[in-house]
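The values are calculated or read from the model by the stated rules, or taken from the named source; none is laboratory data. Computed from a predicted structure; not experimentally measured. Neighbour counts run over all protein chains shown; Cβ positions are idealised from the backbone, glycine included.
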């Protein structure tokens, strides 16, 4: 059976405590580590297209320090929902304006084929 992977951008808070235990990790070191892991994954999947992502320049506040990571997923809805929950918890999103900023980031960073998963993930968390 052939599985289809969908790539999407996954956001990590600046120092993601669950993933990176070293609190002295700098943003640059973190990006290097993520890029290294992404390159290794892409080497295993040679027929995949590689791309990188950066936070939009107009993003402000706590979300602006987050890191974008390309992720290949067989279940993008679940992965995006978990990413959103992590961002809300760790970044400490407190009001609707910050939540709108987070939605904006996911939409801008991801292709149109992923937008329906993003919409469904946010709606499932808001109900």
Considering only residues that are on the phi < 0 side of the Ramachandran plot and assigned to a helix (DSSP H, G or I), look in the stretch 51-69 and name the one that is surrounded by the most Cβ atoms within 10 Å (Cβ to Cβ).
63
For residues that are over 13 Å from the mean Cα position of the chain (by Cα) and in contact (Cβ under 8 Å) with a residue 12 or more places away in the chain, scanning just the stretch 70-90, find the one that is surrounded by the most Cβ atoms within 10 Å (Cβ to Cβ).
90
Lone unmet requirement of (1) at pLDDT below 80; (2) out of contact with any helix residue (DSSP H, G or I) (no Cβ under 8 Å at 6 or more places or on another chain) for residue 90:
(1)
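Please pick out the residue among 107, 67, 6 that is modelled with pLDDT of 80 or more and under 16 Å from the mean Cα position of the chain (by Cα). Steps first, answer last, please.
Details: 67 fails: modelled with pLDDT of 80 or more; 6 fails: modelled with pLDDT of 80 or more.
Just a single option satisfies the conditions, and that option is 107.
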For the stretch 91-101 the number of residues that are more than 19 Å from residue 114 (Cα to Cα) and in contact (Cβ under 8 Å) with a residue 40 or more places away in the chain is 1
Residues located in the stretch 95-111, provided they are surrounded by fewer than 12 Cβ atoms within 10 Å (Cβ to Cβ) and under 13 Å from residue 76 (Cβ atoms):
111
Could you please let me know if residue 41 is surrounded by 13 or more Cβ atoms within 10 Å (Cβ to Cβ), modelled with pLDDT of 80 or more, part of a helix (DSSP H, G or I) and touching a strand residue (DSSP E or B) at 6+ places or on another chain (Cβ under 9 Å)?
no
